[in-house]
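First comes the structure, then the notes that go with it.
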Amino acid sequence: MSKIFKLFKALSLIIKQPALLNKVLDDADVNKQQVIAQYNLPFGLKTIDILDLIPEFNETVKPYCAMDGGSTPLDLALLKALARNKTNCTYFEIGTWRGESVANVASVTKQCITLNLPDEEMLQMGLDKGYVGLHRFFSKDLKNVIHLQGNSQTFDFTPYHNQFDLVFIDGNHHYESVKQDTQNAFKLLKDENSIIVWHDYGNTPNDIRWDVFRGIMDGTPPGKQNHLFRVSNTLCAIYTAQLVKSGIMKPFQAPNKSFSFSIQSKRI
């Protein structure tokens, strides 16, 4: 389910029942307090500077539609750069939406597999037919992308275990879903050099979505949680065994880098 649909649905419910806003705020605080109590991480994950993670960071993001519910250009550039650094990279994605992320990664990878809710299930949930039809928009015709349809909470991942260099999690962002997607993602990893990226660890590059954060922590196997980080300038968290310096992001931190963008567009 896309983030923009969830936003509209949530706003509609809050308008009808204003008391739900307090519940949303209370749930965020509950998740935060549980993370602090269990893991003693009141400031979230340590942050890796994106230029320490990928020193030669020079990517072209294509396609990018600049519409609601998608990743930021830097999120997509991060995924593409991580994939590019893996020889014959194999990529698994949970949560496809318009297919922007997998389309970007597919240009530098050997094989990509994506998993998203079946179209029929989304229609049965009452989702708009136009919204459902937009899934896989950018990726449906790519020869090195396999589109699977299934609910990641019940899907049998067994045939895909131990095969992937890079896994991207961008499905349902509720705690239980993130937790289970995370548990499954670790089983997909090929070796100790494989990487997991989670989208929407924060709503911005500076804040924390505590339900997502708690799901990541509780879904990560013991002994691997010290390899979890936030990636600077993105909405993403990452699991990597790579030895990279990291630190707690301070409020109102001065920029230590700038990015340049060349924007071109064409009608499709």
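The values are calculated or read from the model by the stated rules, or taken from the named source; none is laboratory data. Keep in mind that this is a model prediction, so the values were computed, not measured. Neighbour counts are summed over all protein chains in view; Cβ atoms, including those assigned to glycine, are modelled from backbone coordinates with ideal geometry.
Results for (1) more than 19 Å from residue 257 (Cβ to Cβ); (2) among the acidic types (Asp, Glu); (3) touching an Asp or Glu at 6+ places or on another chain (Cβ under 7 Å); (4) surrounded by 18 or more Cβ atoms within 10 Å (Cβ to Cβ), shown as yes or no for each residue.
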| residue | (1), (2), (3), (4) |
| --- | --- |
| 74 | no, no, no, yes |
| 83 | yes, no, no, yes |
| 103 | yes, no, no, yes |
| 124 | yes, no, no, no |
| 134 | yes, no, no, no |
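Taking each residue of the stretch 197-208 that is surrounded by fewer than 16 Cβ atoms within 10 Å (Cβ to Cβ) and looking for partners that are modelled with pLDDT of 95 or more with beta-carbon atoms closer than 7 Å, six or more apart or interchain, yields 203/209. Of all the criteria given as (1) touching a residue at least 60 places away in the same chain (Cβ under 8 Å); (2) under 16 Å from the mean Cα position of the chain (by Cα); (3) not in a loop (DSSP other than H, G, I, E, B), the one not satisfied by residue 97 is (3). So in the stretch 214-239, with the set limited to residues that are part of a loop (DSSP other than H, G, I, E, B) and surrounded by 19 or more Cβ atoms within 10 Å (Cβ to Cβ), which one is nearest to the chain's Cα centre (by Cα)? Checked the stretch 214-239; the qualifying residue nearest to the chain's Cα centre (by Cα) is 236. Please go through the stretch 43-62 and pick out each residue that is more than 17 Å from the chain's Cα centre (by Cα) and assigned to a loop (DSSP other than H, G, I, E, B). Listed by number, the residues that qualify are 43, 46, 49, 54, 55, 56, 57, 58, 59, 60, 62. Checking each residue in the stretch 166-183 for being more than 24 Å from residue 106 (Cβ to Cβ) and of a type in the set (Val, Ile, Thr) picks out only 178.
The sole residue among 250, 257, 266, 245 that is over 24 Å from residue 99 (Cβ atoms), exposed (fewer than 12 other Cβ atoms within 10 Å of the Cβ) and free of Cβ contacts under 8 Å to residues at least 12 places away in the same chain is 250. Within the stretch 105-122, if we keep just the residues that are in contact with a Leu (Cβ under 7 Å, 6 or more places away or on another chain) and assigned to a strand (DSSP E or B), the residue that is surrounded by the fewest Cβ atoms within 10 Å (Cβ to Cβ) turns out to be 113.
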